1. Taking the number of other C-beta atoms within 10 Å as the exposure measure, put 90, 73 in order starting with the fewest.
2. If you count the DSSP beta bridges with both ends in the chain, what percent of them are antiparallel, to the nearest 5?
3. Pick out which of 64, 83, 55 has the largest mean-square fluctuation in a Gaussian network model of the chain, springs linking Cα atoms closer than 10 Å.
4. Between 38, 60, 48, find the one with the highest GNM mean-square fluctuation for the chain; connect C-alpha pairs within less than 10 Å.
5. Compute the long axis of helix 20-31 from its Cα atoms, compare it with the longest principal axis of the Cα atoms of the chain, and write down the angle in degrees, 0 to 90, nearest 10.
6. Given the Cα-Cα distance of residue 14 and residue 67 and 0.36 nm per residue of separation, how much length would full extension add, in nm?
7. Gain in length, residue 57 to residue 28, computed as 0.36 nm per residue apart minus the alpha-carbon separation, to one decimal in nm?
8. Highest GNM mean-square fluctuation, the chain, Cα pairs closer than 10 Å: which of 47, 78, 89?
C-alpha cells in the first residue's frame with residue numbers, strides 16, 4: 001500500500017518520458033533528498049496536463065501517472081526547487097482543483 005511519509009512537489013517541469021530511476025536521481029541530485037526515505041515526489045510536464053508520482057518504500061518503488069482530460073494541474077511557484085504539501089492538498093491537486101485556495105494553513109513558497 002502506498003503511504004508516503006511526506007508529499008513533495010517539484011516546481012520545474014520535467015520530461016515525463018523518463019522512468020523511475022531517472023526521477024529518483026533527480027530527487028537526489030537536484031533536491032538533495034533521499035528518494036528512498038518514503039516521501040512521494042510529484043512531477044509535471046511542461047504543459048501541466050500530466051503528473052507523475054514516485055515514492056520509494058522499503059520494498060520497492062511506486063510510480064503513478066495521471067492525465068487531465070481538460071484543463072491543467074494547478075502548480076505552485078517558488079524560488080525553491082521543491083515544496084512540501086500535505087496529503088489533502090495532494091488529493092485536491094490530483095482532481096485539477098485550485099487546491100492552494102482550499103488550504104487553511106499557508107504553504108511553503110509563494111503560490112500562483
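Any read-out appearing in this document is the output of simple, stated calculations on the displayed coordinates, not a laboratory observation. The model shown is predicted, which means the values in this text are computed figures rather than measured ones. Cβ atoms come from the backbone with ideal geometry, glycine included; neighbour counts cover every protein chain shown.
1. Details: 90 18, 73 22.
Going from least to most buried by this count: 90, 73.
2. DSSP beta bridges in the chain are roughly 85 percent antiparallel.
3. Maximum fluctuation in the GNM of the chain, among the listed residues, is at 64.
4. 60
5. 70 degrees
6. Numbers: separation 53, 0.36 × 53 = 19.08 nm, distance 1.47 nm.
Residue separation times 0.36 nm, minus the Cα-Cα distance, leaves 17.6 nm.
7. Extra length from residue 57 to residue 28 when fully extended: 8.9 nm.
8. Ranking 47, 78, 89 by mean-square fluctuation puts 47 first.
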